[in-house]
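These notes are about the structure you will find just below.
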Amino acid sequence: MKSCRARWKGGLVRIAFVCPSCEKAFDEQAGPFGTGVTMQAVNEAFSEQKWSRLVEVGVLTIPGIILVSCQMAEPKVETPPPATASTPAVELVAGTDTPLYALTLKPELDKNGVVEAIEVSSQLTGGLADGEERLKLFAPVVYVNVMGIADRVTELDVRDASGAIDFTIEEDDPVPGGYPYFRHWTAKRDVTFPVSINYRALVQPEGGPGGPAFGIRPSVGGISGAGAGFMLVPSNAASQESILEWDLSGFDAPSLGVTTFGDGRAVVEGPPPAIMQGWYMAGPVEHYPDDVIEGDFHAYWLGDFPFDEREGMSFTAKMYDYFEGYFEHLDPAPEYRVFMRLLQTPPYGGGTALANSFMLSRGPVQPEEEKNEDYGDIRMVFVHELLHQWVGSVEGGSIDENWWSEGLTTYYQYTLPFKAGEIAFEEYVEGINRLSRNFYTNPGRDWSIAEIKKVGFDDNDIRHVPYQRGALYFADLDARIRAASGGERDLHSFLSDVFVARETGDIALTPDKWRELVREQTGEDETAFHKALHVDGMVFFPAAGSFGPCVVGERVTLEQDGESFDAMQWLPASDADPKTCRFVTNED
């Protein structure tokens, strides 16, 4: 059983609205790629139940949702092949005392062949968690701007050997800004096990506010979305394992059913709410590679995108392999799944990452979009989201620490594709100048983190300040470490040690511990600078050599929209040899 500590601890629910060149096909909220959303994926009720094995989330905090610490095992994929249109529904286990949550998902199509709902048939065995007296269920009312999820849970039927079970229903206070809050069902009587929990979850209707891709939506004859976008699950069960099955009898063959947790039938370790934190896709799904069980990188999509899907996924697979060599702390790297869907009606979504998986959700292809066009922005979105798996987070959670989770990820996003040999030197320089320009012309460049948190979804540019500021901070730190060590150490060697120590549990990577580790590398106290930059919002200018020997930075004045901005500009060094700046893998 592999540990997924670093993967889940990276704040694994985050959003990136993507592809500025095709904004019309995305929500009106869409903006420059790399957007991150403050999220804790788990309900406050989790902490009330005092569970110890919950998803460890946290880089981005949602008001009213409490960070829950855990280590969740990597989902195991059973021997049976992926579900197909001819695969019958699983026969639920009955009459066992073994704690288990087993469910079958059956997409239902209307007369026009459009998925209108998912029929969920499930059975819970093994009793309640220690100290619990009455069975409790819960579902989101709102989940990051996906509205009315619990309202779309219809035909709920919960039974045990004594018959139907009635519930009292309570609802959390609404959380501003479209952030999650939940509805809770509590059984009015004691129950005996097994308990069947069956319901019909309607798809998210078109329209409504823009936001991430969590809603379960019909697409090109199939269905896709996140578990949190349609599921009702037990919240206080003893079960630490769930079994997911598909019934695809409503689709024509060939069809597939896949999730973050595996292809077809999957066993998911952790309490039942763990199944909400994954992507789901079923129907006439295309995939990469052709053999869906080959290798550790997989991609699935519904729709015909304005770029070559297999070429794009081949690029992403190569970056996955590169990161596995470049970083040492996840060995081997876990399986990764990319999901893509093309929607005909808003809200369209954007890019959203969950545990070792990512969804790209977009609107219809526009006439001006040409197939096989160079979609560099999209490729960099995949790079960014892959990187979250290795970057993880510092402890403490919340958007306060976005300088690490998003800042370091953004730094790597702009530097590693060049080091991997996947983009040209000119693209590399252009990219870091775009990063620099976006920061220094950002109206929130000198905002404190407290001010940025208040904005939330309301301003996409300001929400990116911690990404940009954090990326420049890590570039500057690279220069400081090289200077202090006489070139013997750099950011990569330093962070390699930090990542390994965090992964093995040798250190608790808190902000205070980070500042201590930096001081050991640079010989200078990091506390005041770190606070001024990441807490108070100081505008700073990295060292001229922050992006390596091939690039030189200089202070300039940028003009934009009639305003002048003090900024940094990056130019090729006069003696630049791009080959000396590349780093292929630790194995080469």
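When Pro218, Pro234 are screened for being crowded, with 24+ Cβ neighbours inside 10 Å and in contact with an Asp or Glu (Cβ under 8 Å, 6 or more places away or on another chain), only Pro218 passes.
Meeting the requirement of 3 or more residues that are touching a residue at least 12 places away in the same chain (Cβ under 8 Å) and open to solvent by 30 Å² or more (accessible area, probe 1.4 Å), the helices (runs of 4 or more DSSP H) wholly within the range 401-447 are 425-440.
Against the test of being in a helix (DSSP H, G or I) and either surrounded by fewer than 22 Cβ atoms within 10 Å (Cβ to Cβ) or in the same structural domain as Ser121 (by the TED database) (or both), the options Ser249, Ser314, Ser239 yield a single qualifying residue, Ser314. When restricted to residues that are in a strand (DSSP E or B) and in contact (Cβ under 8 Å) with a residue 24 or more places away in the chain, the range 260-296 contains 13.
Considering each residue of the range 297-311, count those that are more than 22 Å from the chain's Cα centre (by Cα) and part of a loop (DSSP other than H, G, I, E, B), and give that number. Result for the range 297-311: 4.
A quick yes/no check of all residues on (1) in contact (Cβ under 8 Å) with a residue 60 or more places away in the chain; (2) touching a Gly at 6+ places or on another chain (Cβ under 6 Å); (3) of a type outside the set (A, V, I, L, M, F, W, C):
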| site | (1), (2), (3) |
| --- | --- |
| Arg482 | yes, no, yes |
| Phe494 | no, no, no |
| Val498 | no, no, no |
| Arg502 | yes, no, yes |
| Gln521 | no, no, yes |
| Asp525 | no, no, yes |
| Lys531 | no, no, yes |
| His534 | yes, no, yes |
| Phe547 | yes, no, no |
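For the range 142-182, a tally of residues being open to solvent by 30 Å² or more (accessible area, probe 1.4 Å) and over 25 Å from Pro346 (Cβ atoms) returns 15. Taken together, the residues in the range 460-475 that are touching a Lys or Arg at 6+ places or on another chain (Cβ under 7 Å) and closer than 18 Å to Gly351 by Cβ amount to 0. Taking the stated definitions as given, is Trp447 closer than 15 Å to His534 by Cα and in contact with a His (Cβ under 8 Å, 6 or more places away or on another chain)? For Trp447, the condition - closer than 15 Å to His534 by Cα and in contact with a His (Cβ under 8 Å, 6 or more places away or on another chain) - is not met.
Within the range 98-125, no residue that is free of Cβ contacts under 8 Å to residues at least 12 places away in the same chain sits with its Cβ atom under 9 Å from a residue that is among the hydroxyl-bearing types (Ser, Thr, Tyr) and surrounded by fewer than 22 Cβ atoms within 10 Å (Cβ to Cβ) at 6+ positions apart or across chains. Looking across the range 84-127 at every residue that is farther than 24 Å from Glu269 by Cα and not assigned by the TED database to the domain that holds Ser219, the one that is modelled with the highest pLDDT is identified as Ala85.
The values are calculated or read from the model by the stated rules, or taken from the named source; none is laboratory data. Given the structure is predicted, the values throughout are model-derived calculations rather than measurements. So basically every Cβ, Gly included, is an ideal-geometry build from the backbone, and we count neighbours across all protein chains shown. Areas reflect the complete protein model, heavy atoms only, side chains present, ligands, DNA and RNA absent. Shrake-Rupley method; radii C 1.70, N 1.55, O 1.52, S 1.80 Å.
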